[in-house]
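J.: Structure incoming, see below.
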Amino acid sequence: MANEQDLLSTEIVNRGIESSGPNAGSLTFSVRVRRRLPDFLHSVNLKYVKLGYHYLINHAIYLATVPVLVLVFSAEVGSLSREEIWRKLWEDARYDLATVLSFFAVFVFTLSVYFMSRPRSIYLIDFSCFRPSDDFKVSKEEFIELARKSGKFDEGSLEFQKRILESSGIGDETYIPKSVIASADNCATMKEGRAEASAVMFGALDELFEKTRIRTKDVGVLVVNCSIFNPTPSLSAMIINHYKMRGNILSYNLGGMGCSAGVIAIDLARDMLQSNPNNYAVVVSTEVVGYNWYQGRDRSMLIPNCYFRMGCSAVLLSNRRRDYRHAKYRLEHVVRTHKGADDRSFRCVYQEEDEQGFKGLKVSKDLMEIGGEALKTNITTLGPLVLPFSEQLLFFAALVWRQFFSSGGGGVPNTKKPYIPDYKQAFEHFCVHAASKGVLNELQRNLELSERNMEASRMTLHRFGNTSSSSIWYELAYLEAKDRVKSGDRIWQLAFGSGFKCNSLVWRSMRRNRKPARSPWLDCIDRYPLQF
C-alpha cells in the first residue's frame, strides 16, 4: 500500500472576513487536509499487465503461423508462370477430381466452423436516461433547509453536510425525493421505495421503447441492477408485470453490487445474448435513493446523502446481424476487477446500522487508496487490449526495466519517472463514473487527461449528481447532445463501487450519432460546459 503521507494533500481555504471576536474585520484562512488517490500508474505490478496480455497470447498462434503459411505459399506460386499455374490447376481438376472436391469440402467446413464458433457481435441499438420532473429538483441551499425542517439532523450534522455540498461539484438542479427529508416521519418504506423505483424505471423504459420502436414482447433478456432496494417480487418482475413481457423471458435482478453494477449487468446481458441468438436484451441501471436515506449523526454515513441523486438508464442490446446497419455502438471489451478478497476493500463501503440504530452506508477514509488499487489493476489489464502497439511496447519495456533494474549505480534507487501510457491514443471519449469532484480530479491527474476528456463526467456530476450505476450513461448522453460522437470513435466507460470493484466497458461508434431528439440534456446543453 502507498505511504500514508503520500495520500494526503493540503489546501489553503479563504474563510472570508471574521464577523466577531478578537479578529473581527480581518481575513481568516484555514488549512484543509484531503485524502487522494495513490499514483497507481507509478506502482504498476507486472502481474496486472500479464492479465491483459493473456488475451493477446491466446491468439498468438494465428499471428505466428499465418504469415509463415502466406510466405511459403507465395514462394511456391511465385516460382511458376501464369500458364503453368493454370495448367497445374486444370490437370489436378481433370485427373484428381476427388482430391479437389475434398479440399473444397474441408475448406468450406473449416470456414463454417470458424464463423459459427465466433462470438456474436453485441450491438447497442439505443439507450435512454430518465429525467425527473422539476418537482423533485432541489438546490444545495434548499437541501440544507429541508434537512433542517425535517428535524432529523442536529446543527453539527447540518454544517457538515453543507461543507460537503460546497466542495462536491454538485450543482443546484439535481433531483431528490423531497419526502425523505421534508417529513419528520420515516419515509424509507417499501411503499416509497416501490414508488420511486417505478417512476425512474418506467420513465426510462417508456422513452427507450418509444425511441427504438420495438415491442416489449420482442425482448428476450432483461437485466436490472439496483444496489440498495431489492423487494419481493423483484424489480425485474415489476418491469415484466408492467409491460406484460413474454413468459419465457430470461430475467435477472442484481442487488448490492454498488455503482459499477451497470457494467456487470452489460456483461451478463452479453453472455446471455451469446448463447441465445437473434435476440434483444434490455439492461436497466438505477438506484433508489430514498430507501437508504440516512438520518443519524455518523459523518461517514452522511456523505452518501450529499452525493446520491435520482436517476436511471435503460439500454437496448442486440446480437442480430441485421441490426449492424442501424446500431449506435458495438461492444468491444469488458474488463472487470474485484478486490473483495481483501478485508479493507470489502468493508470500505459498508451498509450497517449506527449506534442509534439508523441504517446507512458507511464510507471508509481509506476509500481513495483502495479505489486506486482497484483502478490500477483494471486499467493495466485493459491497456494491452486497447493501446496502440507503440504505446504497449514503450510501457512494457519501461515496466520490465523498473521491475528488474530498479536501482541505479552504487545501489542508489532509480527515481526516474516511469513511462505512463497515453490512453488518449486508445479512446476519443471518456465516461468516468461521476462519484465526486475529488475522485474526478485525482483520476484526471493520474491518467493525464485533459479538461475536455473529463468534461462529460464533471458536467454530469454538476447537473444530475451521483446517480450511481447509471451515471456513465448520462455522460454518454452528454457527448451525444454535444454532437461529438463520430463514426469509428472509441468510448471508455469506467465505473467503480463497493466490494471493492472497478469495471470497464469499451464501445466503438458505428455511425455519427447526431444530437438526439430526446435527451435529459436537451433543455440545458447550451449552458454547458461550465467553468468552475
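J.: Roughly how big is the range 224-342's charge dipole about its Cα centre, with Cβ charges of +1 (Lys, Arg) and -1 (Asp, Glu), in debye to the nearest 20?
T.: 460
J.: With Cβ to Cβ distances under 9 Å as the rule, what net charge do the other residues near N319 carry (K, R +1; D, E -1)?
T.: Residues near N319 contribute +3 overall.
J.: At a Förster distance of 22 Å, what's the computed FRET efficiency of D218 paired with N241, Cβ-Cβ distance as r, to 0.05?
T.: The pair D218/N241 has a calculated efficiency of 0.80.
J.: Which whole-Hz couplings ³J(HN,Hα) result when phi for each residue of the range 250-256 is put into the Karplus expression 6.51 cos²θ - 1.76 cosθ + 1.60, θ = phi - 60°, listed in order with x for Gly and Pro?
T.: Values, residue by residue: 8, 10, 9, 10, 9, x, x Hz.
J.: The range 367-390 to the range 171-243: how many Å between their Cα centroids?
T.: Their Cα centres are 33 Å away from one another.
J.: Report, by chain and number, residues whose modeled amide H sits under 5 Å from the one on L254, excluding near sequence neighbours (fewer than 5 apart, same chain).
T.: V224, N225, C226
J.: Can you work out the PRE-style zone for Y252? Point 7 Å along Cα to Cβ, and I want the residues of the range 488-528 with backbone N under 17 Å.
T.: Residues passing the 17 Å test: 502-506.
J.: Here's another thing I want to ask about it. Kindly rank 422-433, 469-480, 188-199, 165-176 from highest to lowest mean number of other beta carbons found within 10 Å of each residue.
T.: Highest-to-lowest ranking by the protection proxy: 469-480, 422-433, 165-176, 188-199.
J.: Let me ask something else about it. Going down the table (K178/K424; K191/K244; K137/K482; K191/K437; K137/K486; K339/K437), which pairs top 31 Å between alpha carbons?
T.: Distance filter (> 31 Å) returns K178/K424; K191/K437; K137/K486.
J.: Place the peptides 493-505, 362-374, 121-133 in order of packing, highest mean first, counting for every residue the other Cβ atoms within 10 Å and averaging per peptide.
T.: Top to bottom by mean Cβ count within 10 Å: 493-505, 121-133, 362-374.
J.: At 0.36 nm per residue, and after removing the present C-alpha to C-alpha distance, how many nm does the segment from S198 to R445 gain when stretched out fully?
T.: Full-extension gain reported as 85.0 nm.
J.: Label-point separation (nm) for E210 and R518, each offset 7 Å from Cα along Cα-to-Cβ?
T.: 0.4
J.: Here is a follow-up. Starting from the Cα of D343, step 7 Å along the direction of its Cβ; do the same at L146; then give the gap between the two resulting points in nm.
T.: With each label placed 7 Å out from Cα toward Cβ, I get 4.0 nm.
J.: Here is a follow-up. From the phi of every residue in the range 328-333, what ³J(HN,Hα) in whole Hz does the Karplus formula 6.51 cos²θ - 1.76 cosθ + 1.60 yield, where θ is phi - 60° and glycine or proline is x?
T.: Calculated HN-Hα couplings, in order: 7, 9, 10, 6, 9, 8 Hz.
J.: Report D for the range 221-365 in µm² per second (integer): Stokes-Einstein, Kirkwood Rh on Cα pairs, 20 °C, 1.002 mPa s.
T.: Answer from the Stokes-Einstein relation: 124 µm²/s.
J.: Report the Stokes-Einstein translational diffusion coefficient (µm² s⁻¹, integer) for the range 158-229, Rh taken as the Kirkwood radius over Cα pairs, at 37 °C with viscosity 0.692 mPa s.
T.: 209
J.: Next question, about the same structure. Which length gain, in nm to one decimal place, applies between R511 and S133 when the Cα-Cα distance is subtracted from 0.36 nm times their residue separation?
T.: The span from R511 to S133 would gain 132.9 nm if fully extended.
Each value in this text was obtained by applying a stated rule to the coordinates, not by laboratory testing. Being a predicted model, the structure only gives us computed values, none of them experimental. With ideal geometry, Cβ positions are generated from the backbone for all residues, glycine too; neighbour counts draw on all protein chains shown.
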